[in-house]
Each structure stands twice: as structure tokens, then as C-alpha cells.
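Trainee: Could you have a look at this structure, given as C-alpha cells, before my questions?
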Amino acid sequence: MLEGACVNYARAVQADGMIAAQGIVIGQPIFDMNGQRVGTKIKNHPAVAVSNAAWRQVRAFCSEFGLSPVSRTRLTLEKPDTSTEDLMALLSKPRERKPKETVN
């Protein structure tokens with residue numbers, strides 16, 4: 001999970017660097033049937049899609065680690081067991097039965 005977050009973060013930063021250097025849009029030449037350039041089609045830089053996808057993945061991975069305010073509220077922490085009871089003694093005891101729940 002951590003490696004996935006790191007790889008996608010690096011990918012997002014690299015794509016953002018390309019966008020910063022080359023611009024958010026690129027021109028794609030348009031040619032006629034004779035091979036003459038007749039115009040330019042403006043479209044989003046391909047790195048924009050890569051950046052968006054990578055940042056979505058980073059956000060998803062970070063959510064798994066509780067690194068966003070919303071995901072932090074979903075974390076549950078268990079208190080550590082402070083009892084001094086021996087594990088073998090605990091395992092050798094018969095299991096306590098839970099009372100059956102009745103459905104009304």
C-alpha cells in the first residue's frame with residue numbers, strides 16, 4: 001500500500017512538472033489530403049490525464065492510512081491489553097458462551 005502511494009505520488013509530480021514546462025494544452029497539427037499543414041487542433045496535454053489519475057490514486061492510498069481528516073474519523077484504536085494473565089492459561093480455559101439473542 002505504501003509503495004503504491006509513493007509510486008503514484010512520484011508519477012503525479014512528474015506529470016505536473018511536464019505540464020508546468022510544456023503547458024496544459026498542446027497543439028496537434030492538422031494536415032490536408034496533400035500532406036500540407038492546414039491548421040492546429042488544441043487539446044489537453046496527455047500529462048493532464050496522467051496527473052489527475054495519479055492524484056486520485058494518491059488520495060485513495062492516503063485515505064487507507066488515515067491521512068485525511070475524513071478517514072481519521074473512521075479509525076478505531078483498541079486499547080492495549082494491560083492484563084498480566086499468561087497466554088497459555090488464557091487459552092487453556094473453556095470458552096465463555098455468549099447468551100443467545102432473541103428476535104421479536
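Trainee: Per DSSP H run of n ≥ 4, the term is -39500 (n - 2.57); total these for the chain, divide by its residue number, and report the mean residue ellipticity at 222 nm rounded to 500 deg cm²/dmol. Don't skip to the end; give the middle numbers.
Mentor: Details: 4 runs with 52 residues, N = 104.
When only DSSP H runs of four or more count, the value is -16000 deg cm²/dmol.
Trainee: Taking the Cα centre as origin and putting +1 on Lys and Arg beta-carbons and -1 on Asp and Glu beta-carbons, what dipole magnitude results for the chain, to the nearest 20 debye? Spell out each step's value before the answer.
Mentor: On the way: 14 positive and 10 negative charges, 78 e Å.
So the dipole magnitude of the chain works out to roughly 380 debye.
Trainee: Can you list the HN-Hα couplings for region 28-33, worked out from phi with the Karplus curve (6.51, -1.76, 1.60; θ = phi - 60°), rounded to whole Hz and with x for Gly and Pro?
Mentor: 10, x, 10, 10, 8, 5
Trainee: Right, here's the next one. For region 44-57, what does the Karplus curve 6.51 cos²θ - 1.76 cosθ + 1.60, with θ = phi - 60°, yield as ³J(HN,Hα) per residue in whole Hz, taken in order and with x for Gly and Pro?
Mentor: Listing the rounded values in order: 4, 5, x, 5, 5, 5, 5, 4, 4, 5, 5, 5, 4, 5 Hz.
Values quoted throughout were computed directly from the atomic coordinates according to the rules given, and no laboratory measurement underlies them. Note that the structure is predicted; figures quoted are calculated from it, not measured. Cβ atoms come from the backbone with ideal geometry, glycine included; neighbour counts cover every protein chain shown.
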